[in-house]
Amino acid sequence: MKLLPDQSVASNLRADRNTIYIQRRHHTGFSTGVNKADEYSWFFLLALSGTKNESITLLANMSQADIPTLTRNNSLLFYSTDQINWRRLAVPVLTDSAGLKQYATFILPVTGTCYISNTIFYDYSYLDDYFASFVARHTAYCQKTTIGTSLQNRPLRLLTLSNNANPLDRILLTTGCHPAEPDVIASQAIIDWLVSPPGLKLLTRYQVDVLPLSNPDGFANRSCLTSNGINLYWNFMKDDQKKCPEAFYLWRYILNPPPLLYLDFHSYVHQYHRHPMPYLKDTIAYRGAFTKHIVKQMDRYLIKQSRGFYRFGKLAMWPDSLSRHITQQFNTISYTKYHFNLYEGIPASQTRAVNIFIGLTKLLLRQSINHQHILLAPHGHAILDHSDRWPFTWFYYLPQLLSKSYMFGKSYWRYYRHRNQSHLFR
Ligand SMILES: [Zn+2]
């Protein structure tokens, strides 16, 4: 077995016979704003060349002395020969309580170059070609536009799917914000569904814009941040063309005209104790009783899809996120950071993404909802009404307070009860 450091993502990589020590790479955050550079530097990609059936021991972010301190079997390993097709290495991966130290022994599944990672990191040019060839195969319903370029001059390619020259409205979908989270599988599954007969029916009413790789430099550089260290989710610098063109061009595209609904997917890749779930904004973040009514229906649908789990509060209403800007400025209904859990596997996560898309758009279709109903002037007719004023606001605050207390209690109780005895990882 031979290590291939040039193709690996690690700050330190060495081998002692067939025991490999790998240390994750720390990515540097941008000087201003919240970029969470350390939190988003949890992954590694190990490249090696070996022989099938060789036994390998992998110690990630730890030494031999740490082995007795590992308490949990709570991580996953994936392998690939091309960084396109990834499969799970079905072995226990022991971790510390934070999940950062990882320890596994496995049999090398292939001969030749093999990539091993604690996530699924797709090759950038493969993904870029994948979406270009999708457009080429579906020219009747799908167009490709380059809305701008990233800081390192990679195109920001947007797919527009439509089956009607005058659609009722438009929906925006983004993925690939944090490239180490393989949420781009959501874009792949949803566009496939959109060109199937039921999807084409939806496209006769709504146009769907998809930005599958919102951070192309991150894919190419193997980082969750942009090439200058900006975390596009937490620090969406929409007005800075020079430092954050990725945000600037997307925002400029959003301006004409703003979408009715905005969806964005992410993936848990090391927090496997978390059920796949949405981040939900408070209903009171939307203006007008009708918009709130639709949002509550959508929230309920997403919570049901996620077996009662959801996240809320400040993380779901982050002041510098696109999700917040788009709702505050236009009243666009936005669901960002729906998180998959990689433990479910790719096919189940893709089915989940399609079901979410179908469920949310069904609610729009049923009532033929368009921007006039939802968006603020000049894009629509939504206005501040009684639902935005005290004491009616309590109708929204009180049930939220109760359901939040219940959710908090329930999720923490479950977490503490099961933290060391998860049935998932046996
Ligand atoms: Zn993410």
Find all pairs meeting these conditions: Cβ atoms under 6 angstrom apart; at least six residues apart or on different chains; first residue within segment 131-156 and without any contact (Cβ under 8 Å) to a residue 24 or more places away in the chain; second residue assigned to a helix (DSSP H, G or I) and surrounded by 13 or more Cβ atoms within 10 Å (Cβ to Cβ).
Lys144/Val135
Is it the case that some residue within segment 285-294 is at positive phi and surrounded by fewer than 17 Cβ atoms within 10 Å (Cβ to Cβ)?
no
For segment 378-388, check the following and say yes or no: at least one residue is loosely packed, with under 10 Cβ neighbours inside 10 Å and modelled with pLDDT of 85 or more.
yes
Which listed residue, of His381, His373, is closer than 30 Å to Leu203 by Cα and more than 31 Å from the chain's Cα centre (by Cα):
His381
Consider Ile326 carefully, then state whether it is among the aliphatic types (A, V, I, L, M), touching a Gly at 6+ places or on another chain (Cβ under 8 Å) and not assigned by TED's automatic domain parsing to the domain that holds Lys36.
no
When segment 368-409 is checked residue by residue, the ones that are among the basic types (Lys, Arg) and in contact with a Phe, Trp or Tyr (Cβ under 9 Å, 6 or more places away or on another chain) are Lys404
From the options Phe340, Phe330, residue that is more than 16 Å from the ligand (Cβ to nearest atom) and aromatic (Phe, Trp, Tyr)
Phe330
I'm checking my understanding of the structure. Among residues of segment 104-133 that are part of a strand (DSSP E or B) and more than 24 Å from the chain's Cα centre (by Cα), which one is farthest from Lys52 (Cα to Cα)?
Ala104
For segment 160-178, does any single residue satisfy the condition of being outside any loop (DSSP other than H, G, I, E, B) and within 16 Å of the ligand (Cβ to nearest atom)?
yes
Report yes if some residue within segment 85-103 is more than 30 Å from Asn153 (Cβ to Cβ), outside the structural domain of Val269 (by TED's automatic domain parsing), part of a helix (DSSP H, G or I) and at pLDDT below 95; otherwise report no.
no
For segment 309-320, state whether one or more residues are surrounded by 20 or more Cβ atoms within 10 Å (Cβ to Cβ), within 16 Å of the ligand (Cβ to nearest atom) and more than 15 Å from Tyr335 (Cα to Cα).
no
Subset of segment 253-273 (residues that are in a loop (DSSP other than H, G, I, E, B) and over 14 Å from the mean Cα position of the chain (by Cα))
Asn256, Pro257, Pro258, Pro259, Leu260, Tyr272, His273
When you check Tyr206 against the structure, is it within 14 Å of the chain's Cα centre (by Cα) and not assigned by TED's automatic domain parsing to the domain that holds Phe43, yes or no?
no
Can you pull out every residue in segment 61-77 that is free of Cβ contacts under 8 Å to residues at least 60 places away in the same chain and either touching a Gly at 6+ places or on another chain (Cβ under 6 Å) or hydrophobic (A, V, I, L, M, F, W, C) (or both)?
Met62, Ala65, Ile67, Leu70, Leu77
Just to be sure, is Ala289 more than 30 Å from Leu76 (Cα to Cα), modelled with pLDDT of 95 or more and among the small types (Gly, Ala, Ser)?
no
Matching residues, segment 109-136, being over 22 Å from Ser214 (Cβ atoms) and surrounded by 20 or more Cβ atoms within 10 Å (Cβ to Cβ)
Cys114, Tyr115, Ile116, Asn118
Selection from segment 188-209 of residues that are closer than 20 Å to Thr332 by Cα, crowded, with 23+ Cβ neighbours inside 10 Å and without any contact (Cβ under 8 Å) to a residue 60 or more places away in the chain
Val208
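Let's see how each residue does on (1) in the same structural domain as Pro319 (by TED's automatic domain parsing); (2) within 16 Å of the ligand (Cβ to nearest atom); (3) hydrophobic (A, V, I, L, M, F, W, C):
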| residue | (1), (2), (3) |
| --- | --- |
| Val9 | no, no, yes |
| Arg24 | no, no, no |
| Ser31 | no, no, no |
| Val34 | no, yes, yes |
| Ser49 | no, no, no |
| Glu54 | no, no, no |
Suppose we filter segment 210-226 for residues that are within 16 Å of the ligand (Cβ to nearest atom) and surrounded by fewer than 21 Cβ atoms within 10 Å (Cβ to Cβ); how many remain?
1
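The values are calculated or read from the model by the stated rules, or taken from the named source; none is laboratory data. For clarity, every value in this text was computed on a predicted model and none was experimentally measured. Ideal geometry is used to build each Cβ from the backbone, glycine not excepted, and the neighbour counts take in all protein chains shown.
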